[in-house]
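The values are calculated or read from the model by the stated rules, or taken from the named source; none is laboratory data. Since the model is a prediction, treat every value here as computed from it, not as a measurement. Here the Cβ positions follow ideal geometry from the backbone for every residue, glycine too, while neighbour counts run over all protein chains shown. When the accessible area is computed, the model is the full protein with side chains, heavy atoms only, and any ligands, DNA or RNA have been set aside. Shrake-Rupley method; radii C 1.70, N 1.55, O 1.52, S 1.80 Å.
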Amino acid sequence: MRYARLLTGTALAVAAGALAVPAAAAPGPPAGGLEIRPATVTPGSTVTVHTTACGPGGTAAGDASAVGAGTFTMAPSTRAESGESAAAGRFEVPPSAQPGTYEIVARCSGSGGSGAKNKRIAGDLMVTITSTAAAGERHERQLPKGHVKTGVGGALGPDPVQTAAGVAALAVAAAGGTWLLHRRARGDRI
């Protein structure tokens, strides 16, 4: 039985390792996809969109109407991080946007090359009600106040009647335990 558990655990660990995505492969959109930054926003935020799928000097027409932002233009630019040519644009998420995941689409145009013309690319944008930073600030402001009712703590709790009852119960338990130990030491049958 012990070896069966060991073999099962080993097999599960190997399977989990084989199915795991390497950390280097996880971030970023697929090659030639639509990169949306930040990928998670709150209503009213400005979003920047990049793609290398339209080729050098290529442009694109973006469509964020799924989230209610309408269309936007993506002009040729150079990515600061890598120095590669990309099409980039911006749009603002409307303040009335509802939480959820929205597909943002772009269609290549311009002089990016014949293979890129009319190429459709897409990426996902997640809209949340509160940002992580705002949630952290709100958590700091709303720290709990008062006594924590855990059943364990000091004798000076908020209810003196409950405190007195607890002390009395402990005294009765201590007296009963002492009485039983005394009888056992004398040899009385219990």
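Given the structure, is Arg107 touching a Lys or Arg at 6+ places or on another chain (Cβ under 8 Å), at pLDDT 90 or above, surrounded by 12 or more Cβ atoms within 10 Å (Cβ to Cβ) and under 14 Å from Leu34 (Cα atoms)? Let's see the steps before the verdict.
Working: touching a Lys or Arg at 6+ places or on another chain (Cβ under 8 Å): yes; at pLDDT 90 or above: yes; surrounded by 12 or more Cβ atoms within 10 Å (Cβ to Cβ): yes; under 14 Å from Leu34 (Cα atoms): yes.
Taking the combined requirement at face value, the residue satisfies it.
Specify which of the listed residues (Val93, Val49, Val67, Val41) is modelled with pLDDT of 90 or more, in contact with a Pro (Cβ under 6 Å, 6 or more places away or on another chain), of a type in the set (Val, Ile, Thr) and surrounded by 17 or more Cβ atoms within 10 Å (Cβ to Cβ). It would help to see each step written out before you state the result.
Details: Val49 fails: in contact with a Pro (Cβ under 6 Å, 6 or more places away or on another chain); Val67 fails: in contact with a Pro (Cβ under 6 Å, 6 or more places away or on another chain); Val41 fails: in contact with a Pro (Cβ under 6 Å, 6 or more places away or on another chain).
Exactly one residue qualifies, and that residue is Val93.
Enumerate the pairs (first residue in the stretch 40-56 and touching a residue at least 60 places away in the same chain (Cβ under 8 Å) and polar (S, T, N, Q); second residue anywhere and open to solvent by less than 40 Å² (accessible area, probe 1.4 Å) and in a loop (DSSP other than H, G, I, E, B)) with beta-carbon separation below 9 Å, excluding pairs fewer than 6 apart on the same chain, so at least 6 apart or on different chains.
Thr40/Thr128; Thr42/Val93; Thr42/Ala97; Thr42/Thr128; Thr51/Gly32; Thr51/Gly33; Thr51/Leu34
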